[in-house]
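No value in this document is a laboratory result; all are computed from the given coordinates. These figures come from a predicted structure and were not determined experimentally. Positions of Cβ are generated from backbone atoms using ideal geometry, with glycine treated the same way; all protein chains shown enter the neighbour counts.
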Amino acid sequence: MVNTTLVLKKDERLGAVGIVRLSGPEAVTIVARVFRPARRNKGKTLGSGSWRPTSHVVEYGVVLDHHGNVVDEVLAIPMLAPRSYTREDVVELQCHGSEVCLRRVLRACLESGARLAEPESSMDRWKVEFWKEAETSPAG
């Protein structure tokens with residue numbers, strides 16, 4: 001069974017922004033359950049679960065918990081397969097960096113079907129390998 005994983009990325013030095021990254025076959029479906037774009041189609045908001053992202057297009061909106069309460073204002077960045085670095089659907093939710101906000105966004109995603117990634121997930125390995133390669137490549 002293929003899972004959709006959830007990874008939290010936060011730079012402890014800055015702390016202003018935290019990223020909740022979902023990767024896998026259900027990433028878009030899970031985010032559609034919790035994310036609502038702010039406005040679309042001349043001021044009309046979309047209904048529950050109707051988010052249809054365009055790959056690599058940033059959207060501003062909110063994350064809702066399972067009670068429909070606003071958890072945080074976020075930027076959603078979909079990178080749809082195969083145009084992502086894992087070659088599967090990836091959605092980043094760029095949130096406010098406070099621990100409270102990030103935990104609430106994580107909880108909303110987990111309650112909607114995501115699971116936490118294992119330490120050293122494939123995304124982390126790719127990132128490490130990419131940066132090692134970039135550091136050793138001659139500047140062009």
Simple SL model, points at 7 angstrom along Cα→Cβ for ARG107 and HIS67; separation in nm is 0.9 nm
Taking 0.36 nm per residue of separation between GLU118 and ALA16 and subtracting their Cα-Cα distance, the length gained on full extension comes to 34.2 nm
